[in-house]
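Inspection log for the structure reproduced underneath, given as structure tokens.
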Amino acid sequence: MTEPSPPAGDAASRLPRHTTPTWEVELLISGVAVFAMLQLPEWLDDRFFALLPRFDQDWADPLKLVYIYLKSAALILAATFSLHLLLRAQWIARVGMFSVFPDGIRWERLRMGPVQREIETRLYKGRDATIERADNRATIVFSIGVTLASTLLLITLVVSCVFVLVIGLAMLTQIRMDVGAVFGWCTTLVFLPVLVAMLADRHLAHRLREGGMAKRLLAAVLGAYGRIGIMQRASNPTFSLLSSHGGEHRANLVTMCIFLVAGATILFAMHADRDPRNLGSYSLFPAFSDDSRMLDAAHYDDQRNPARDPAVPFIDSAIAGRAYVRLVVPYQPGSDAAALRRTCAAAQSLEGDARAASLFDCLQRLHAVTLDGKPLAALRYDLGSDPRTDRPALAAMIDVRTLAPGRHELQVARAVAGETDAASGRPWRIPFWR
């Protein structure tokens, strides 16, 4: 006995024959991952801004590069999954609407002229075509986003390995080096062989003798990098598919545009995070060059954000309700280390406690303190740490019992990294009230 064939109207409720077979998995991945990806950029920001003050400028630049790569991958994934969910919802809406109205669009009931109707019907191409376009669009966006993010993660892994290698080399040799230059040379040495091999293969391989040393060397280099997935088309078939069907120049242009937009977004966000006044219409809000009359929340422990605010001196609160005010001056490798090398060279030849004592005395002089314009000559720091970030710091207790009620101001001298850095040597101002 044969089963009855489905009614003709049921064809409208079936998916088109060329529907992407992975659409359910795509929806599952996007739906599960989109919320995590939307939170990941902020998590990376917190980790980066907490880690950055631990390094001087030489180490900070490679660290920023790793951060930009990682956050670019996170932003691309977040945008990909969000856009993919929207496109899949659009596709589902089209499938559903055509099942509700199986006879399709009734063009004769739409108010338009004959020329427009002809153009519209030619572009429409029927029910299955419009559903398939929405389906393909969602899959392509999903594939491009995941592919670009994976490429960035691979680059980040290579750059991170180089970064760790340079750190290990500096620690083992105890030689002060231009970290940025060493990092750049190491990164170049990693990628240069495969770039040269690819160019030679494209332009010179037809001139090389089959089985000769040059051609075997070329094959060895390309094969080695291919096995670790760097700069090889076989290791990235998704991008190769897009390039071969949509045009390689177009695929490269789209890739570069996405990377540039992600990088520009990150740099703009970093600039805005460092000074929120740069974002918004605050041009007429008063600002003094020496930050006088400025109550910076970073200077008060009960107001600061230890994950985002810069490592500047701080006290417990803007209101001193006790006999002593606790002053904490975080150690800043970017400026303090350079100033110690310049002003305390003799201490570097010492060893053990003698070296520590000499460096400690120099560091105290670099961060001299005044209260209401009067030097606190008797002030003595102790070695401590920032309790909320575990970064090394100088700590001092300042007696305020004899101060009159009202506004007072601490000024903490900055360490000047070099002769050309004198303009940034103005002291930190920390107003408080007794």
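Considering the conditions (1) in a helix (DSSP H, G or I); (2) open to solvent by less than 20 Å² (accessible area, probe 1.4 Å), Asp361 is excluded by exactly one of them, (2). The set of residues in region 303-325 being touching a helix residue (DSSP H, G or I) at 6+ places or on another chain (Cβ under 7 Å), part of a loop (DSSP other than H, G, I, E, B), under 22 Å from Arg293 (Cβ atoms) and not β-branched (Val, Ile, Thr) consists of Gln303, Arg304, Asp309, Pro310, Pro313. Total residues in region 108-128 satisfying the condition of being part of a helix (DSSP H, G or I) and exposed (fewer than 13 other Cβ atoms within 10 Å of the Cβ): the figure is 10. Scanning region 393-412 for residues that are among the acidic types (Asp, Glu) and within 22 Å of Leu383 (Cβ to Cβ) yields a single hit, Asp399. Filter region 320-344 for residues that are open to solvent by 60 Å² or more (accessible area, probe 1.4 Å) and modelled with pLDDT under 90; which is nearest to Pro53 (Cα to Cα)? The selected residue is Arg341. Of all the residues in region 34-66, those that are under 21 Å from Thr255 (Cβ atoms), touching a residue at least 60 places away in the same chain (Cβ under 8 Å) and open to solvent by less than 40 Å² (accessible area, probe 1.4 Å) number 1. Per the listing Ser243, Ser283, Ser292, the residue uniquely farther than 20 Å from Pro392 by Cβ, open to solvent by 70 Å² or more (accessible area, probe 1.4 Å) and hydroxyl-bearing (Ser, Thr, Tyr) is Ser283. Scanning region 18-45 for residues that are of a type in the set (D, E, K, R) and either outside any helix (DSSP H, G or I) or at pLDDT below 85 (or both) yields Glu24, Glu26. Is there a residue being in a loop (DSSP other than H, G, I, E, B), at pLDDT below 90 and of a type outside the set (Asp, Glu) anywhere in region 419-426? Yes, that holds for at least one residue.
Screening region 79-107 for residues that are under 30 Å from Gln39 (Cα atoms) and among the aliphatic types (A, V, I, L, M) and picking the one that is surrounded by the fewest Cβ atoms within 10 Å (Cβ to Cβ) gives Ala93. Counting only residues that are in a loop (DSSP other than H, G, I, E, B) and open to solvent by less than 80 Å² (accessible area, probe 1.4 Å), region 368-396 holds 10 of them. Name the single residue, out of those in region 57-89 being polar (S, T, N, Q) and over 13 Å from the mean Cα position of the chain (by Cα), that is modelled with the lowest pLDDT. Top of the filtered list is Gln57. When you check Pro405 against the structure, is it more than 19 Å from Arg54 (Cα to Cα) and assigned to a strand (DSSP E or B), yes or no? Taking the combined requirement at face value, the residue does not satisfy it.
The values are calculated or read from the model by the stated rules, or taken from the named source; none is laboratory data. Owing to the predicted nature of the structure, the values given are computational and were not obtained by experimental measurement. Note that we place each Cβ from the backbone using ideal geometry, even for glycine, and neighbour counts take in every protein chain shown. Protein only, heavy atoms only, side chains kept; ligands, DNA and RNA dropped before computing areas. Shrake-Rupley method; radii C 1.70, N 1.55, O 1.52, S 1.80 Å.
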